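Contents: one structure, followed by commentary.
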């Protein structure tokens, strides 16, 4: 397990990579990444929330959001916490249409915080599908005229 870091460094590296929006930890605790994880861990320690099932704590955020009626990109990060040391293990990047209908999903395994793509690279991994479909539809429309 390489690139293990404390919460401060973990959050700083991800924020520098553009993951600077609001996160949910274990589907609760909306806040910036560090504060969301801290709130979750505090509730686990107090006994008001359950420890993560399995080895991972799930963090989720929107990487691209232009409104409910537009496609959006959502990201789920699988994070291990070993004695207050954190590392990123897996990332799922999902392009979804309105109504959360999945259009394309990319799963990145065996990651570290250092090897994770920045936010724009993550969005590009799935967003290009829409650009290709739009160009293809434009060509079809031109052929009909």
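None of the figures in this text is laboratory data; all of them are computed from the coordinates on show. Given the structure is predicted, the values throughout are model-derived calculations rather than measurements. Reconstructed Cβ throughout: ideal geometry from the backbone, glycine too, with neighbour counts over all protein chains shown.
Okay, here's what the table says:
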item	result
Label corresponding to percent of Cα pairs over 19 Å apart when calculated from the structure given, among (i) 63; (ii) 55; (iii) 51	(ii)
Segment residue 44-residue 66, length gained on full extension (0.36 nm per residue, minus Cα span)	4.6 nm
Gain upon complete extension [residue 104, residue 12; 0.36 nm per residue less C-alpha separation]	30.3 nm
For segment 7-144: relative contact order, % (alpha-carbon pairs under 8 angstrom, 6 or more apart)	19
Calculated [θ] (222 nm, deg cm²/dmol) that DSSP helices of n ≥ 4 give over the chain, each run adding -39,500 (n - 2.57)	-11500 deg cm²/dmol
Helix 7-16 vs. the chain, principal-axis angle (Cα, 0 to 90°, nearest 10)	20
Full-extension gain in nm, residue 92 to residue 128, via 0.36 nm per residue minus C-alpha separation	11.3 nm
On Cα atoms only, tilt of 119-144 relative to the major axis of the chain in degrees	10
Listed peptides 14-22, 86-94, 30-38, 65-73 by packing density, highest first (mean Cβ within 10 Å)	86-94, 30-38, 14-22, 65-73
